[in-house]
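What follows is one structure encoded as structure tokens, with my remarks underneath.
The values are calculated or read from the model by the stated rules, or taken from the named source; none is laboratory data. Quick caveat: nothing in here was measured; it's all calculated off a predicted structure. Cβ: placed from backbone, ideal geometry, glycine included. Neighbour counts: every protein chain shown.
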């Protein structure tokens, strides 16, 4: 359970999972079939390939690296005086690497439970990375900035995470959190075909109002909120619509990762090419609405707890 409230509403059953919404906090969570349950270490052990800890081919990986540099720029601009950052679920560590190298952060710490990505971050990029869950760590410093990009939907103990983040953040420090938006236009339209449903990895789902309420509960002040991501929105919308039209489960996205050729990839690629620009324009129009593909929140820890 994400919260202790037992007043629940079942909203979707698919792929051996049941999604329930808490009628008190409005957070949505997945009940996983016990026969399919695996612990986090097992689930993410092969999330990144061994060579360079990558997930995609060279071209896509290059684009991903550009997006991580853009993230580093945004973090630096949001809090120009910041010198310490904690990135929870830090991927391969590229954002931390850029913050340390180009923006002169004194402390750049990450957490990463995927073994291949952890080794790459620590051995290749020479970063301070911990191969443990956030709740298992004892970190002495308080941080000027804490970021958690597309991680909160993977953890079952959401409130404990937010509480721990609050403890680790300096007063008036900056929190950046981004998660998929269960209230997005393609989630509503395509339902079980929504790319970001990803029930193999995602345990919890948020709407703008439920995530905002959770942060307010732990004494964060919401500074900005939007539902558009240049990196995720258009791809998520397009793949979700292709899933819906073809009745398949993210075939194009899977192909980008494993490159196993099948003739039907030609049809999927054609649909992807046709739908990509309309999806980009729709998401751009929904930038500040409640219906974009992500929830991106910038918050501040209040100076004095009330």
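List of remarks:
- Entirely in region 39-147, the helices (runs of 4 or more DSSP H) that have 2 or more residues that are at pLDDT 90 or above: 58-78, 94-102, 115-119
- Close pairs from region 145-157: first farther than 14 Å from residue 174 by Cβ, partner assigned to a helix (DSSP H, G or I), Cβ under 7 Å, at least 6 apart: 152/158; 152/161; 155/161; 157/135
- Looking only at residues of region 249-273 that are at pLDDT 95 or above and loosely packed, with under 13 Cβ neighbours inside 10 Å, we find that the one that is farthest from residue 211 (Cα to Cα) is 270.
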